[in-house]
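Structure first, then comments.
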Amino acid sequence: MDEGAGRQWRSTIAAAQAGDRQALDELVEGWLPLVYNVVGRALNGHADVDDVVQETMLRAVDNLGSLRDPDSFRSWLVAIAMRQIRDRARRKRPAQLDESAAHEATDFAELTVLRLQLEGQRREVAEAVRWLDDEDRQLLSLWWLEVAGELTRRELAAAAGISRQHAAVRVQRVKERLETARGIVRALDGACPGLRELTARWNGRPDSVWRKRLARHIRGCGYCGDTRESVVPAERLLVGIALVPIPVGFTLSLALGGKTAVAATATTTSVGWSAKVMAAITQPAVAVTAGATIVAGGAYVVTQTPDAPPRAAAPTASSTFRPPAPTPSVTPSATPSPSPSRTRKVELYGTVVDAVDQAPDPDARPAALPQRPESGITSTGGRQAVMQHRGDSVTLSGQGYVLVRWQISPHSRPGALVMPAWTGLKGKIFHVASGGGRRMDDVVGDGSDRGYVTGMGGPEIGYAVLPNGTQQMWQNEYFYLDGTVTLTQNERGCDYGLTVFPSTWEAANEDVRHGPDRGAIRYGLVRDTGNDTAPVPQYVTRGTPADPATVPQRSRV
């Protein structure tokens, strides 16, 4: 967008100032995404983002009549947004800005990665933003849009309330801190043993203390400091990058916080156009805009956004490299409160948490594998579904056993491993056994075979690093399905592949009993209890998220 973008809106702005409802709708629809991106990135997706965006647009509507030069509309609007961001910071104590509500909302780094499908170093830049302090993030939210072609340097300086010379100095400092943060993201994507030890007590939430600790480690670490590919400057990576789409369901009320038209008019009598505009937007009318609907009372509701997955935190390579969480206790799922009129018995299913376990003794023979009914499994991938790339999936239906065979390839790309997910479950699924003669972290050599010491890698090639709290996989993992479910490969970070076979009880039972006396490293492990208290996969949901990598790690469905 060039510096004269505001001129394209001159007639629309003039019409809106005169009270034209359609023109006001066009302004809201056209400029709301820019405001949402400025606020979202500056606050990193905090729960207050929607409120700040709402207040910004309300103030813009309420003060539109005071705008003397329509050509400066964009810088004027962004300046309003930045003032609202700074006002929020002044109104709240620092402790309030870190409340749990902030962490329940998806951070804007994740939204940027998911909605824009960023990979490689572009993903790295987006995720590095969360390591910046609030003030740096505010300026970076403007600089990001400048590099992407949405703002000019003049507009950046005006919005920040500083001179262009001062803006140049501050932007350079932010870029330097962003590069430090990129190094942290890159290191957490890797598998440095020293870094893992350092982060053992980290709670997984980026802050200034841990930024300094990690940066200090990286500066003195040959492993973390050894970049295998050339680092492209952030400004080159962000050129032409799109705005993050507004989330589906986002609602913006233009009726001044729900005031009546009379009250709205009473508060804005000093500006003649405002009474006309507020009278117009409170009329019972509906105007359809691109990807949104503006309904009676001036409510702007996003009803359709291209390729926009739900707002849920995704276990990306950086966000999953965290210290182990406490193992949940084995307790039944919480049941709904009974209605006043009746009490309904709730059937419990999958209440045993499939928690991290220790490798059994190699010579320990497995327990008996319960035999469940089998009518057969059909697979959209046929007798052998090979999934080597992110997004590959297979849908399984029927009643019977399924084998998932793992191939982990840190020699191709080591780092944090994003686990596959079971989605759209109808019926029940259990994790019944582990086999293949070895766990993937078993020692398999001395590194002479392509650098592997265990199935998870070695010091020469790097390691595959599991999300903390994830069950260590075996070569073969067996599941029992009674219904329908889709398994999706979520590769991002460490390279891995899955092969999925419809199987049988006989094959699973034979596999787990194939022990060291027959050339295996260890006997398999039986997990099935034979009833509904058997464990379920850690990444499973009955929902169908747009990005299966957003499925939470838990074993209750």
Residue satisfying condition, being more than 28 Å from Trp143 (Cα to Cα) and at pLDDT 85 or above, within set Leu178, Leu198, Leu214
Leu198
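Taking Val485 as the residue in question, decide whether it is open to solvent by 20 Å² or more (accessible area, probe 1.4 Å) and aliphatic (A, V, I, L, M).
no
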Does Tyr463 satisfy being among the aromatic types (Phe, Trp, Tyr) and closer than 19 Å to Val386 by Cα?
no
Could you list, in sequence order, all residues of the stretch 425-452 that are at pLDDT 90 or above, among the hydrophobic types (A, V, I, L, M, F, W, C) and open to solvent by 30 Å² or more (accessible area, probe 1.4 Å)?
Val443
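Counting just the residues of the stretch 154-172 that are charged (D, E, K, R), touching a residue at least 12 places away in the same chain (Cβ under 8 Å) and open to solvent by 40 Å² or more (accessible area, probe 1.4 Å), which one comes out nearest to Val209 (Cα to Cα)? Steps first, please.
Restricting attention to the stretch 154-172, the residues satisfying the condition of being charged (D, E, K, R) are 154-155, 164, 170.
Then drop every residue that is not touching a residue at least 12 places away in the same chain (Cβ under 8 Å), which leaves 154-155, 170.
Now restrict to residues that are open to solvent by 40 Å² or more (accessible area, probe 1.4 Å): 154, 170.
Values: Arg154: 34, Arg170: 22 Å.
Residue satisfying both the conditions and the ranking: Arg170.
Considering each residue of the stretch 185-237, count those that are of a type in the set (Gly, Ala, Ser) and touching a strand residue (DSSP E or B) at 6+ places or on another chain (Cβ under 7 Å), and give that number.
Step one: list which residues in the stretch 185-237 are of a type in the set (Gly, Ala, Ser), which gives 187, 190-191, 194, 200, 204, 208, 215, 220, 222, 225, 230, 234.
Applying the additional criterion that residues be touching a strand residue (DSSP E or B) at 6+ places or on another chain (Cβ under 7 Å) yields 190-191.
Matching residues across the stretch 185-237 total 2.
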Kindly indicate whether Ala416 is under 14 Å from Phe479 (Cβ atoms) and crowded, with 18+ Cβ neighbours inside 10 Å.
no
Return the only residue of Pro362, Pro366, Pro410 being in a loop (DSSP other than H, G, I, E, B), in contact with an Asp or Glu (Cβ under 8 Å, 6 or more places away or on another chain) and modelled with pLDDT of 85 or more.
Pro410
Result of the Cβ filter at 7 Å on the stretch 133-153, keeping first residues that are in contact (Cβ under 8 Å) with a residue 60 or more places away in the chain and partners that are outside any helix (DSSP H, G or I) and crowded, with 21+ Cβ neighbours inside 10 Å, at least 6 apart or interchain, is Arg137/Asn44; Leu140/Leu132; Leu142/Leu151; Leu145/Leu151
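With respect to Arg201, is the statement that it is among the basic types (Lys, Arg), under 22 Å from Arg123 (Cα atoms), touching a residue at least 24 places away in the same chain (Cβ under 8 Å) and out of contact with any Gly (no Cβ under 8 Å at 6 or more places or on another chain) true? Can you show your working first?
Working: among the basic types (Lys, Arg): yes; under 22 Å from Arg123 (Cα atoms): no; touching a residue at least 24 places away in the same chain (Cβ under 8 Å): yes; out of contact with any Gly (no Cβ under 8 Å at 6 or more places or on another chain): yes.
Spelling it out, it is not the case that Arg201 is among the basic types (Lys, Arg), under 22 Å from Arg123 (Cα atoms), touching a residue at least 24 places away in the same chain (Cβ under 8 Å) and out of contact with any Gly (no Cβ under 8 Å at 6 or more places or on another chain).
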Which of the residues that make up the stretch 129-139 are under 12 Å from Met82 (Cβ atoms) and of a type in the set (A, V, I, L, M, F, W, C)?
Leu139
Top-ranked residue of the stretch 106-135 - restricted to ones that are at pLDDT 80 or above and basic (Lys, Arg), ranked as most open to solvent (accessible area, probe 1.4 Å)
Arg122
Scan the stretch 208-227 for residues that are farther than 19 Å from Tyr463 by Cα and open to solvent by 60 Å² or more (accessible area, probe 1.4 Å) and jot them down.
Val209, Lys212, Arg213, Arg216, Arg219, Gly220
Show the residue pairs meeting these rules: Cβ distance below 6 Å; 6+ apart or different chains; first residue within the stretch 221-234 and modelled with pLDDT of 80 or more and aromatic (Phe, Trp, Tyr); second residue surrounded by 10 or more Cβ atoms within 10 Å (Cβ to Cβ) and not in a helix (DSSP H, G or I).
Tyr223/Cys192
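Among the listed residues Thr282, Thr269, identify the single one that is of a type in the set (S, T, N, Q), at pLDDT below 70 and open to solvent by 60 Å² or more (accessible area, probe 1.4 Å).
Answer to the selection: Thr269.
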Within the stretch 340-359, tally of residues that are at pLDDT 80 or above and exposed (fewer than 12 other Cβ atoms within 10 Å of the Cβ)
1
Of residues in the stretch 528-548 being assigned to a loop (DSSP other than H, G, I, E, B) and touching a Phe, Trp or Tyr at 6+ places or on another chain (Cβ under 8 Å), the one most open to solvent (accessible area, probe 1.4 Å):
Asp532
Matching residues in the stretch 55-72 - criterion: being crowded, with 21+ Cβ neighbours inside 10 Å, in contact with a Ser or Thr (Cβ under 9 Å, 6 or more places away or on another chain) and either over 17 Å from Ala15 (Cα atoms) or of a type outside the set (A, V, I, L, M) (or both)
none
Have a look at Gly493, Gly437, Gly469 and point out the one that is over 24 Å from Pro545 (Cα atoms) and small (Gly, Ala, Ser).
Gly437
Single residue of the stretch 492-521 satisfying the filter (outside any loop (DSSP other than H, G, I, E, B) and small (Gly, Ala, Ser)) that is most open to solvent (accessible area, probe 1.4 Å)
Ala507
Against the definition (touching a Leu at 6+ places or on another chain (Cβ under 7 Å), in a helix (DSSP H, G or I) and within 25 Å of Cys494 (Cα to Cα)), how does Ala181 come out, yes or no?
yes
Read through the list (1) open to solvent by 40 Å² or more (accessible area, probe 1.4 Å); (2) in contact with a Phe, Trp or Tyr (Cβ under 8 Å, 6 or more places away or on another chain), then give the number of the only condition that Ala367 fails.
(2)
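The values are calculated or read from the model by the stated rules, or taken from the named source; none is laboratory data. These figures come from a predicted structure and were not determined experimentally. Because the Cβ atoms are built from the backbone with ideal geometry, glycine has one as well, and the counts that use them run over all protein chains shown. Please note that ligands, DNA and RNA were not included when accessible areas were found on the heavy atoms of the full protein model with its side chains. Shrake-Rupley method; radii C 1.70, N 1.55, O 1.52, S 1.80 Å.
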